[in-house]
Amino acid sequence: MTTHNKDNALFGSGDELPSNHSSNPHMNELIGELNRRQVLAGGAALGALAFFGVSLPGSSEAAEPAAQTLGFPFAPRSRLPFSPVAIGRTDSISVPAGYKATPFIPWGTPITGRYPAFLDDASNSAQDQAEQIGMHHDGMHFFPIDAQRGHGHGHNSNHGLLVLNHEYIDAPLLHPNGPTVVAGKRSSAEEVRKEINAHGVSVVEIRRNVRGDWEVMPSARNRRITAATPMQIQGPARGHALLRTRHSPDGTAARGTQNNCANGHTPWGTYLTCEENWAGYFANRDTTLPREQKRYGLRSTSRFGWDTLPGDEFERFDATRKAENASGDYRNEPNQFGWIVEIDPFNPDSVPVKHTALGRFAHEGLVFAPVRAGKRVVCYSGDDSQNEYIYKYVSRDKYRPGRSNSQLLDNGALYVGRFNADNSGQWLALDVNDPAFQAACTTAGVTFADQGDVLINTRLAADVVGATKMDRPEWGAVHPDTGEIYFTLTNNTARTTADAANPRVANAHGHIIRWREESRDHAGTNFAWSLFLLAGPPADSRSPTGQPLDASNMLASPDGLWFDPEGRLWIQTDMSGSQLASGPFGNNQMLVADPKTGEMKRFLVGPLGAEITGITATPDMRTLFINIQHPGEGSTATNLLSTWPDGPGKRPRSATVIISREDRRRLL
Ligand code: FEO
Ligand code: CA
Ligand code: CA
């Protein structure tokens, strides 16, 4: 989701407003007089030295010896053998010579039920939408059809399940003439049901046909999960008093997942969808908001006004207290959002699970450290809002291949990151039974009743322990060989105080940070970090080699991030409308960087007004899937700012894009 509209008026698209008003110091208040020039000149370089063999705290015990990167800068041959794509501002997709990009499963593609055809004037019904691909494609994963056999990877590159998120909607394009609003309220239940059904997740079985082209199969596995699909709540907060609602008086059942941004996939072959900018979908008109809503930015009005319609299915978006207790109203409904949700895509009857142990915030995505049989699983997630945090989860129990491992995400330790000025870092436990956490709570004068309370109030718990406020943590990716973790920090124009890990105030361009865990199994609490990249124009940027970015690789607002199996880092951008209009960067794009050499090139430029997001590949790396979200953002039925992918006169539609080489060999 882009940031062009921060006012969050009815139907405005935009990220949540910052809600971290904690007194947590920015890093350089802790370290004194660190100055921005020193950080820019030395911080990134220091980090680079650390990763290229110079010892840092903990580096001697890191997962992979520095020899992996000692080739820099003498690498014999480029691992990016393509000509960089030029910055562009056309309403099309550009890829390097020798490659092709083919739109696939755009919004409205029929996948299940009656397979209702998409109607160009957007007159499909709410029920049609529940049987079609949703709007605003985002995080995505390809599961080979044999993914759940063996160790959860699978090898089939010609047949599998494509699972993708639908982050939000452009209501003006979802309905023939936009949404109907009467006196500030929604008047059509059918319209709002269509909006609810355009959110969520799609599961689509796809296969290559005899010509080698990918096709949707009419399959019993095809499924739409929407913002109304029944879900179960698991983990320490299951049944918590703050999760009880009129629909679920015992606090164990939820309806729907929404604002599903980035994603994850488990080692056991299931999909993880992450609830990001959900807060704006709820209204609470009480005079005083409880902390579990105030700290998440709830307001007295909602973005789409779903709460303004009568009926239980809509009233749940109104968190105003109306009954004597929580079992009689929806005061706690917003507390059922902000979680990581696990979906078994191979079982269309499975009930999705909200895993509360992973914390509640504006989850962008979830990435796993390399997993080994008999070891705990470790994963990372960013809270994408200005000045929010990066989190880590370590399971209590061990991974056992071939068994059901879902419960690994229900019992474990949640930590939040502190990035120190000397490039060291700590994971701080958010555990009601941890003495250091208890001491921090006492100092801060904050009380948590139990671990469920900590998890429902994850942001507050992170404030209390003094986590580092980051520049909007978006996607993460883990290097397949070194185990280093990379995270995009997309931008933060609200930053007024620089620190080592977030070195620019009013950071409009964003950067990429990476770290190496001190412990070989990733489960420890110390790490060493460095800056991989400062995005921006040549005069205000730093490439992975330490040089300014240039015409072949300048970018802003890095967002999507993915390592291919050979350790190349794919970077996708989500520049806002104003940055697209006024910046030197052209349309949103995708680049590839080689951490081994520091080489980085632009691989793709997208159509007008779209962000590039979501990325996954077949095991043979002959097919790459990416998503184009909100082409022509800001369009209405009578003012189309893009007509991608269908061409002149047609409404723009979010879609997946299949990228392959014309000679059908591996992509790189
Ligand atoms: Fe939905 Fe943080 O992007
Ligand atoms: Ca973004
Ligand atoms: Ca994103």
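Remarks
- Every pair of residues 6+ apart whose Cβ atoms lie under 7 Å, when the first sits in the stretch 463-490 and is over 15 Å from PRO565 (Cβ atoms) and assigned to a strand (DSSP E or B) while the second is of a type in the set (Lys, Arg) and away from ligand 1 (no atom under 12 Å from the Cβ): ASP471/ARG495; ILE485/ARG514; TYR486/ARG514
- The stretch 338-371, residues that are in a strand (DSSP E or B) and either within 14 Å of TYR415 (Cα to Cα) or within 16 Å of ligand 3 (Cβ to nearest atom) (or both): ILE340, HIS363, VAL367
- Any hit, the stretch 150-158, residues being buried (at least 24 other Cβ atoms within 10 Å of the Cβ) and within 25 Å of the chain's Cα centre (by Cα): no
- Any hit, the stretch 263-271, residues being in a loop (DSSP other than H, G, I, E, B), within 16 Å of ligand 3 (Cβ to nearest atom) and within 15 Å of LEU164 (Cα to Cα): no
- Any hit, the stretch 582-591, residues being farther than 24 Å from ALA655 by Cβ, within 16 Å of ligand 2 (Cβ to nearest atom) and not aliphatic (A, V, I, L, M): yes
- Scanning the stretch 624-644 for residues that are outside any strand (DSSP E or B), in contact with a Phe, Trp or Tyr (Cβ under 9 Å, 6 or more places away or on another chain) and crowded, with 24+ Cβ neighbours inside 10 Å yields HIS630, PRO631.
- Scanning the stretch 372-419 for residues being surrounded by 24 or more Cβ atoms within 10 Å (Cβ to Cβ) and part of a loop (DSSP other than H, G, I, E, B) gives a total of 3.
- Counted residues, the stretch 310-325 - those being farther than 19 Å from ARG299 by Cα and either touching a Lys or Arg at 6+ places or on another chain (Cβ under 9 Å) or not in a loop (DSSP other than H, G, I, E, B) (or both): 4
- The C-beta contact set for the stretch 167-191 (first residue farther than 20 Å from ASP120 by Cα and touching a residue at least 40 places away in the same chain (Cβ under 8 Å), second residue assigned to a loop (DSSP other than H, G, I, E, B) and of a type in the set (Asp, Glu), distance under 9 angstrom, 6+ apart or interchain) comprises GLU167/GLU276.
- Within the stretch 196-247, being among the polar types (S, T, N, Q) and closer than 30 Å to GLN629 by Cα holds for ASN197, SER202, ASN209, SER219, ASN222, THR226, THR229, GLN232.
- Flag if LEU580 is within 16 Å of ligand 3 (Cβ to nearest atom), surrounded by 22 or more Cβ atoms within 10 Å (Cβ to Cβ) and more than 23 Å from GLY134 (Cα to Cα): yes
- All positions within the stretch 607-632 that are over 19 Å from the mean Cα position of the chain (by Cα) and within 15 Å of ligand 2 (Cβ to nearest atom): GLY609
- Residue in the stretch 166-209 that is surrounded by the fewest Cβ atoms within 10 Å (Cβ to Cβ), counting only those that are of a type in the set (A, V, I, L, M) and assigned to a strand (DSSP E or B): VAL182
- Matching residues in the stretch 125-139 - criterion: being surrounded by fewer than 24 Cβ atoms within 10 Å (Cβ to Cβ) and either of a type outside the set (Asp, Glu) or assigned to a strand (DSSP E or B) (or both): SER125, ALA126, GLN127, ALA130
- Residue count, the stretch 210-242 (criterion: within 24 Å of the chain's Cα centre (by Cα) and either outside any loop (DSSP other than H, G, I, E, B) or within 16 Å of ligand 2 (Cβ to nearest atom) (or both)): 8
- Residue count for the stretch 555-583, restricted to those that are assigned to a strand (DSSP E or B) and either at positive phi or aliphatic (A, V, I, L, M) (or both): 4.
- Filter result (farther than 29 Å from GLU364 by Cβ and of a type in the set (Val, Ile, Thr)) within the stretch 137-188: THR180, VAL181, VAL182
- Comparison of ALA498, ALA494 shows that the only residue that is more than 16 Å from ligand 2 (Cβ to nearest atom) and either aliphatic (A, V, I, L, M) or not in a loop (DSSP other than H, G, I, E, B) (or both) is ALA498.
- Checklist (1) in a strand (DSSP E or B); (2) buried (at least 21 other Cβ atoms within 10 Å of the Cβ) applied to PRO544, failing item: (1)
- Residues of the stretch 370-425 satisfying the condition of being hydrophobic (A, V, I, L, M, F, W, C) and within 16 Å of ligand 1 (Cβ to nearest atom): ILE390
- Condition met for ARG516 (charged (D, E, K, R), touching a residue at least 60 places away in the same chain (Cβ under 8 Å), outside any loop (DSSP other than H, G, I, E, B) and within 23 Å of THR266 (Cα to Cα)): yes
Read-outs throughout are calculated quantities, based only on the coordinates presented, and are distinct from any laboratory measurement. Since this is a predicted model, take the numbers as computed values, not measurements. Note that we place each Cβ from the backbone using ideal geometry, even for glycine, and neighbour counts take in every protein chain shown.
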